[in-house]
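For reference, the structure is listed below as structure tokens.
Read-outs: derived from the displayed coordinates by stated rules, not from any lab. Predicted, not measured: the structure shown is a model, and the values here were computed from it. Note that we place each Cβ from the backbone using ideal geometry, even for glycine, and neighbour counts take in every protein chain shown.
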Amino acid sequence: MASIPTHFGQTCTQELPCDVVAASELSRGAREFFAQAGFTATESDAWELALAEAANNAVKHCRPDARHLAIRVDLLVTPEWTEARVTDHTPGFTMPEKAELPPPDSESGRGLFLIQNLTDEAHYLRGRGENCLVLRKQRSPTQEPPALPPPSATDELREAQRTLDLMTEELASSYESLSAIFRFCAELQGSVVSDEFIHRWLDQLLTLTESDWLVLRLCDRSPQQLRLVATSAQAGRCEVVCREIAATAADSIEAQAASQRRDVWFDASSPLAPKDPLRQLGEPGCGFARPLCVNDTLLGVLSIGRRDGGRAFNAGEVSVVQTFGDFFGLQIRSTQMQEEQFRSRLNLRDLEIAANLQRTLLPEQLPSVPCLTLAGFYRSAREIGGDYYEALPTADGNVLLVMADVMGKGLPAALFAFMFRSLVRARPELASRPGEFLAWLNEHLFPELDRAEMFLTAQLAYFDCQRGEIRVAGAGHLPMLVARSTSEVQEIAAGGPPLGIFAAASFPEERFLWTGGRALMFTDGLIEARNPGGELLGLDTVRAALAEAARGDESCDTIRHRLARLLQEFEQGTPPADDTAFVVITRTSAN
Amino acid sequence: MRTYDRGDTLLITDISTLTSETSRPFKEYAHGALRAEHKFVEVDLSRARTVDSEGMGALISIHKAICARGGRVRLLQPAPLIAGMFTILQLDQLFEIIPR
């Protein structure tokens, strides 16, 4: 092995045929080189062993079609450190951060462990046609290299140039990728990844790697679908690449990279499948697809290549693509997390607004009405709902009781309840005709409810104090319960469809005389309360409670407490699934 | 490489390297020299400059053969680096290492 001193160190390059004898000769030759460079015997032995392991791996795992190619070893010694590069033609592997030992009685599988223990750094750069194992180790500060015989000027120049090329290639790729990443980080400064950012990033990557084309797809909601985000803007070809592909499609290397979570290569010897979407780029030539993952979460796939006639990617270029891909994956994930946080904050704000609306919907105190005593109850479930009740005294001394329940929860439900209340208050002259009133409400709410695919149920009860008459109309709502006497509880259904189902609907009205007793208007949260066993409280239980209250001539407040206690004891701490609202009505005087 | 038959012990000497190039002939030679009466194999590594993972695999192969008959392999006077590698690889659990 020829040793060549240069102005920054000594180098040595050897190319060996792919067989174990040559590998052994190489490691012995390397030992001589290190000895000449002033290494101690122990240091030389360690390097000999490390290089023997590296060369053995390069020989043992060489691709069958590459056995005719030489394995190249470059050695560089400076006063501070030693570096060895072994370029192989194997399918490549992923260098573990820390190689694990096989079982003690295993006869193989210790090579990487030895290499990692004999050197300070071991990196493996993977390329399409070749890979490069880079080993580095600090030198002992006490060693002084002995004087070497002067090499010829031609040899010195050639080897120095070769070493410079090697270092320049690595430094350039490292510098360019690092500086580009730092620049992009500075530009982003915590903001989300924009289309402009993506396109500039792609242009940068194309330039750095001297590639002809590039396709970026990201997972769209589901990791099963890969959506086209950007392509290299060359010759308008970006318009013809498939917009969306299935991540499991067998005829796409992008899908294979996504499903197998590894780089998938193609070239003339292993071309793209006839139906591969990347074929729409024209003549894809050679390249690879790299999955973009963060913590095993697939975010997308980056594919890059050169057209027919382009050279294969070398290890340094592959490293740049991989570094950029990993960096971009982190940025995408960071953006997703920012969006999730933003949505979460929006949801919280949404709930706050809905809760405020809900509070304004419900009367702080039901109004005093000459012929009735009223007691209301409202309990919200975990989420904000759209239950609403109100008592609206009319100009003629009577009162309209309103009970409503908007389907759904959150801000939309609260908004519709608010809209419903505004409409109810807008037409007090319709209070004495609850059926007509509901038809009018339906007419005005239908467009919005229909668009939002929502509906609401409601019940209007007009109490004519002078006549002792109740007029009830319902829109898909539960019946009103009326305890006329101590033993009888009547259901007043008066049912039409819920509001928002039909553009035009009629709502029958039921009229009856009510000279005394108790009545109850409520939403479904009352009878659909559940106990820990999952059983429903049910309408019959509520009817029985109301009948008992009527028999005991209980006041409005007492009945409200009775029903609230009934709920509490039945549920035994089971969180309510729905809002619960009810109004207890007693007649206080007959005209 | 030479072997010496010493009753229940087979001694193997004159080993300069145990690498990918030499480990296979070494393994075949050693297995061929084993007799039924051998309970111990002593491998003299005092002149061995390099023992790589392939060479270690060959020694483990002999260890398994001799273990099957209740015996043991002793490694005699390996260089400090080689002895250190056996320790790092936890192969000192398999072999009795007699230091220099």
Electrostatic dipole magnitude of the stretch A:1-108 [Cβ: Lys, Arg +1; Asp, Glu -1; Cα centre; debye, to 20]: 300
Helix B:23-33 vs. chain B, principal-axis angle (Cα, 0 to 90°, nearest 10): 20
Gained length - A:T588 relative to A:E535, 0.36 nm times residue gap less alpha-carbon distance: 15.5 nm
Separation of the A:S555 and A:D105 label points, Cα + 7 Å toward Cβ, nm: 9.0
Derived scalar couplings ³J(HN,Hα) [the stretch A:269-274; Karplus, 6.51 cos²θ - 1.76 cosθ + 1.60; whole Hz; x for Gly, Pro]: 7, 10, x, 5, 5, x
Three-way shape label, the stretch A:458-591, alpha-carbon gyration tensor, a/c 1.5: oblate
Amide H partners (placed H, <5 Å) of A:R128, local residues excluded: A:F313
Fully extended contour minus Cα-Cα distance, from A:E80 to A:E15, at 0.36 nm per residue: 20.9 nm
Inter-probe distance in nm under a simple model that places probes 7 Å from Cα toward Cβ, at A:D308 and B:T87: 6.3
A:E429-A:Q365 FRET efficiency (beta carbon distance; Förster radius 30 Å; 0.05 resolution): 0.75
Pairwise FRET efficiency - A:H123 versus A:T297, Cβ, R0 = 22 Å, nearest 0.05: 0.30
Length added when fully stretched, A:D396-A:T248, from 0.36 nm per residue minus Cα-Cα: 46.1 nm
Residues in the stretch A:292-306 that a label on A:Q280 would reach, taking backbone N under 19 Å of a point 7 Å out along Cα→Cβ: A:300-306
Candidate lysines - alpha carbon under 19 Å from A:K137, same-chain residues fewer than 8 apart omitted: A:K98
Neighbourhood net charge (13 Å Cβ-Cβ; Lys/Arg +1, Asp/Glu -1) for A:E25: -3
Convex hull volume of the protein assembly as shown per residue (C-alpha atoms, cubic angstrom): 257
Max mean-square fluctuation residue, GNM over chain B, Cα-Cα springs under 10 Å, options B:T50, B:T17, B:T87: B:T87
Dipole of chain A, positive end: most advanced residue of A:G287, A:A473, A:S211 [Cβ charges, Cα centre]: A:A473
Net charge contributed by nearby residues that have their C-beta within less than 11 Å of A:R345 (K/R +1, D/E -1): -2
Nearest-20 debye value, chain A charge dipole, Cβ charges on Lys, Arg, Asp, Glu: 1260
Fewest-first ranking of B:H31, A:H89, using other Cβ atoms within 10 Å as the exposure measure: B:H31, A:H89
Residues with amide H under 5 Å from that of A:A230, placed H, sequence gap 5 or more: A:L216
Global form of the stretch A:81-143, assessed from the alpha-carbon gyration tensor, a/c cut-off 1.5: oblate
Relative contact order of the stretch B:2-98, defined on C-alpha pairs under 8 angstrom at six or more residues apart (%): 28
Under-5 Å amide H pairs with A:T588, H placed in peptide plane, nonlocal only: A:L372, A:T373
Per-residue HN-Hα couplings for the stretch A:367-377 [Karplus 6.51, -1.76, 1.60; θ = phi - 60°; Hz; x = Gly/Pro]: x, 7, 10, x, 9, 10, 10, 10, 9, x, 9
Relative exposure of A:R227, A:R290, judged by other C-beta atoms within 10 Å (fewest first): A:R227, A:R290
Using alpha-carbon coordinates, inclination of helix A:195-209 to the longest axis of chain A, degrees: 10
From phi via Karplus (6.51, -1.76, 1.60), per-residue ³J(HN,Hα) for the stretch A:563-580 in Hz, x at Gly/Pro: 5, 5, 5, 4, 4, 4, 5, 6, 6, 6, x, 5, x, x, 8, 9, 5, 10
Peptide B:28-38, shielding by other chains (average Cβ, 10 Å cutoff): 0
Peptide A:48-56, shielding by other chains (average Cβ, 10 Å cutoff): 5
Whole-number percent relative contact order across the stretch A:336-420, with pairs defined as alpha carbons under 8 Å at least 6 apart: 31
Pairwise FRET efficiency - A:S422 versus A:R345, Cβ, R0 = 30 Å, nearest 0.05: 0.55
Set of lysines with alpha-carbon distance to B:K27 below 24 Å, sequence-local pairs under 8 removed: A:K60, B:K39, B:K64
Neighbour-count order for A:F33, A:F582, A:F327, fewest beta carbons within 10 angstrom listed first: A:F327, A:F33, A:F582
